[in-house]
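Worksheet for the structure shown next.
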Amino acid sequence: MANAAALRAVDTASASAAWDGRLAAVIDFGTCGVGDPSCDLAVAWTLLDAAGRRVFRERLDVDDAS
């Protein structure tokens, strides 16, 4: 069973008009950001809280502009 809070976060991030608690579809934008490394990192900002994002960023070893 998927985590309902995580699904709501993804739904909110995708600007969906309504959420009734059921996953109805998955849209795969997999090739929209080819070559842009930030696309691989966006999920952290959507699903992690502030502490989780801090740990995630520290593990990536990126500069302040990233």
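Computed from the coordinates by the stated procedures, all read-outs in this text should not be read as laboratory data. For clarity, every value in this text was computed on a predicted model and none was experimentally measured. Heads up, the Cβs are rebuilt from the backbone with ideal geometry, glycines too, and the neighbour counts pull from every protein chain shown.
R0 = 22 Å: FRET efficiency of V43 with D63, Cβ-based, nearest 0.05? Efficiency computed from Cβ-Cβ geometry: 0.60. Full extension of the chain between L23 and F56 yields a length gain of 9.2 nm, computed as 0.36 nm times the residue separation minus the alpha carbon distance. Within the shell of other residues whose beta carbon sits under 11 angstrom from the beta carbon of L48, the net charge comes to +2, with Lys and Arg scored +1 and Asp and Glu -1.
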